[in-house]
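Participant: One structure coming up, written as structure tokens, with questions to follow.
Values quoted throughout were computed directly from the atomic coordinates according to the rules given, and no laboratory measurement underlies them. Note that this is a predicted model, so its numbers are computed, not measured. Glycine also receives a Cβ, built like all others from the backbone with ideal geometry; neighbour counts cover every protein chain displayed.
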Amino acid sequence: MATSKRGSDESEPLRRRAKLDGGRRRERELRIRVCDQEYEEIREAATRAGLACSAFVVRTVRTSIREQQPLDGALVALHAELRNTSRQVNAVGVNLNQLVRHANTYNEVPESVPWLAAYCFQVVRRAEAVIVDLGRRLP
């Protein structure tokens, strides 16, 4: 197995870079300067992650870029809608508990049960649609 000769221990094995989608390799080179301590911290973190230093740096920088992107207004709206749906589902659960207690106490099913069941299905279907939409918009 080949060993790395650039700034590392001679006994350390050289790791192959991961290929991009379609089997291509990265073609652009970005050079940065780091002090000895920074280099060691990066190399140790990359080793713990099981990655070559360059792959680790690329992954870390790309993650940081995604986290710094401004919030999409549509995602904020979907989040608010899911919170509202959660409150509605909770309210339906409270109502169902009350109806079950009534049915057990008086041995009769209230007339509002079919309406409440239909409303519950409607809320759940809308929540599922919002979750699917949200999943499509997430990176």
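Participant: Distance from the Cα centre of region 75-123 to that of region 36-63, in angstrom?
Facilitator: 50
Participant: While we're looking at this one, here's another question. So which GluC sites (Glu not before Pro) in region 63-134 pass both tests, a DSSP loop state and at most 10 other Cβ atoms within 10 Å of the Cβ?
Facilitator: Glu108, Glu111
Participant: For the pair Arg83 and Arg48, what calculated FRET efficiency results from E = 1/(1 + (r/R0)^6), where r is the Cβ-Cβ distance and R0 = 41 Å, to the nearest 0.05?
Facilitator: 0.65
Participant: Ok, one more. Over the Cα atoms, compute the radius of gyration (one decimal) and Dmax (the largest Cα-Cα distance, rounded to a whole number) for region 73-137, in Å.
Facilitator: In Å, with Rg to one decimal and Dmax whole: 15.1, 50.
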